[in-house]
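A short worksheet on the structure shown next.
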Amino acid sequence: MKILHVITSLQIGGAEKLVTDIVPMLREKGHEVDVCLFDGQDTTFKRKLQTCGCKIFSFSNGGNVYNPLNILRIARLMRHYDIVHTHNTAPQFFAALASKFSTMPKLVTTEHNTSNRRRAWKWYPTGIDRWMYNQHKYVICISDQAEENLISFITNTKAKVKTIYNGVDVETIHSARPNHELLCQKKRFTITMVAGFRLQKDQDTLIRAMNHLSKDEYELWLVGDGERREEIEQLIRTEGLQDNVKLFGLRSDIPNILKATDVVCMSSHWEGMSLSNIEGMAAGKPFIASDVDGLREVTDGYGLLFPHGDEQLLAETIKRLHDDRQLYDHIAERCYERACQFDITTMVEKYNQLYLEIVKEYR
């Protein structure tokens with residue numbers, strides 16, 4: 001079977017991580033699986049994919065991902081594959097348009113979030129999204145809440161909508177060695193958040209929470225980069241937290257960093273189902289998350305939730321874990337148990353079965 005995954009780029013993010021993980025595992029099952037990038041800038045994820053032998057097609061290097069020429073580019077590429085699997089808005093929409101030019105392979109897409117900015121635009125015609133999703137044979141949602149919200153938003157879609165939970169390599173993360181350099185330098189109780197610096201994520205609340213904690217006892221590690229980096233750097237200066245908040249940028253040793261920290265946190269405005277959530281739990285660390293769709297679904301009953309945007313209660317939650325070792329160990333154990341329910345092999349097998357069903361139906 002020939003499968004092409006199409007995604008905006010391979011910058012840090014949940015969709016990008018999913019593609020980077022799933023492509024080599026599908027190739028191990030005997031499929032020919034390649035990747036198309038609208039923005040082909042060099043990244044850690046891209047270099048990792050190059051080592052597995054797949055072809056990587058790039059339409060630009062830092063260019064406009066909404067360039068209309070990408071419709072023709074993707075149309076020429078798509079016809080060589082049995083299934084084209086899209087991720088993110090630009091690939092979803094442009095592949096849908098390209099499918100109208102001639103006989104094309106079957107389109108599948110993954111919906112990676114419980115919400116997006118378009119759904120808040122009162123002027124935005126939902127019929128555009130309904131048409132786009134209808135060009136795909138299946139729309140895969142990464143959580144039950146994402147599926148429920150999508151169906152509620154587009155209504156009466158002809159596409160088949162189903163949920164396949166995201167997964168991570170739980171054992172690899174759990175057995176990783178702590179980053180030795182960080183461990184040696186660490187003198188304070190550390191909280192780590194792994195996420196792109198973009199509007200969906202809420203590093204701001206976590207940064208402000210640090211001002212409610214002793215600067216001598218607590219430190220925050222932010223792993224990631226993106227469009228909001230300057231805003232985040234300015235907030236750190238404004239809050240006077242330059243010595244307590246460390247920016248690590250893009251890293252390829254996330255499991256090692258997670259094993260070196262004390263607590264993992266995801267503060268977000270919305271989520272689909274955060275891979276960083278599951279990775280943090282897989283590391284065997286207590287996980288704290290915003291009480292929002294996507295995060296609540298995985299965390300509730302295992303990790304700890306705090307009200308969205310409430311820096312004071314977030315700080316109090318961190319302090320509880322710092323002060324109560326019995327609570328710390330209990331939450332860490334529960335989080336690891338939860339992560340084991342989302343192992344990547346289960347996710348890949350479900351995608352594999354879906355692809356086989358689609359190809360069988362049309363042969």
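Ranked from largest to smallest solvent-accessible area, with a 1.4 Å probe on the protein heavy atoms, CYS36, CYS340, CYS184 come out as CYS184, CYS340, CYS36.
Largest accessible area first, the listed residues ASP300, ASP225 line up as ASP300, ASP225 when surface is computed with a 1.4 Å probe on the assembled protein chains.
Expressed as a whole percent, the accessible surface of segment 15-142 that belongs to carbon and sulfur atoms is 52, based on a 1.4 Å probe.
What base-10 log of the normalised intensity I(q)/I(0) is obtained for segment 127-176 from the Debye formula, alpha carbons as equal point scatterers, at q = 0.26, 0.28, 0.30, 0.32 Å⁻¹? At q = 0.26, 0.28, 0.30, 0.32 Å⁻¹ the computed log10 ratios are -0.94, -1.04, -1.13, -1.20. With protein chains left intact and a 1.4 Å probe, residues in the chain average 43 Å² of accessible area per residue.
Summary of the geometry: segment 334-363 and segment 26-81, compared by the centres of their Cα atoms, lie 22 Å apart.
Post the alpha-carbon centroid distance, segment 138-210 to segment 250-277, in whole angstrom. Answer, in whole Å: 7. Candidate membrane-span-like segments in the chain, meaning DSSP H helices with Cα atoms spread over at least 27 Å of their own axis and a Kyte-Doolittle mean of -1.0 or above, do not occur, with no membrane implied either way. The alpha-carbon atoms of segment 145-292 define a convex hull whose volume equals 125 cubic angstrom per residue. Residues of the chain were split at every exposed loop site, defined as chymotrypsin sites (Phe, Trp or Tyr not before Pro) in a DSSP loop with at most 14 other C-beta atoms within 10 angstrom, and the longest piece left, sites excluded, is 124-361.
Relative to its residue count, the chain spans a Cα convex hull of 135 Å³ per residue. Orientation-averaged projection of segment 270-363 equals 6.9 nm² [convex hull of Cα atoms, one quarter of hull surface area].
Using only DSSP helix segments of four residues or longer, with each worth -39500 (n - 2.57), what per-residue ellipticity at 222 nm results for the chain after dividing by its residue count and rounding to 500?
The per-residue figure over the chain is -12500 deg cm²/dmol.
For the chain, averaging the sequence separation of C-alpha pairs within contact (under 8 Å, six or more residues apart) and dividing by the residue count gives a relative contact order of 15 percent. Sites counted here are GluC sites (Glu not before Pro) in a DSSP loop (not H, G, I, E or B) having no more than 13 other Cβ atoms within 10 Å; the longest part of the chain that contains none of them is 1-216. Along its first, second and third principal axes, ordered by size, segment 3-120 spans 34, 33, 28 Å in Cα coordinates.
The values are calculated or read from the model by the stated rules, or taken from the named source; none is laboratory data. Bear in mind the structure is a predicted one, so any value in this text is a computation, not a measurement. So basically every Cβ, Gly included, is an ideal-geometry build from the backbone, and we count neighbours across all protein chains shown. Each accessible area value is taken on the protein alone, full model and side chains, heavy atoms only, with ligands, DNA and RNA left out. Shrake-Rupley method; radii C 1.70, N 1.55, O 1.52, S 1.80 Å.
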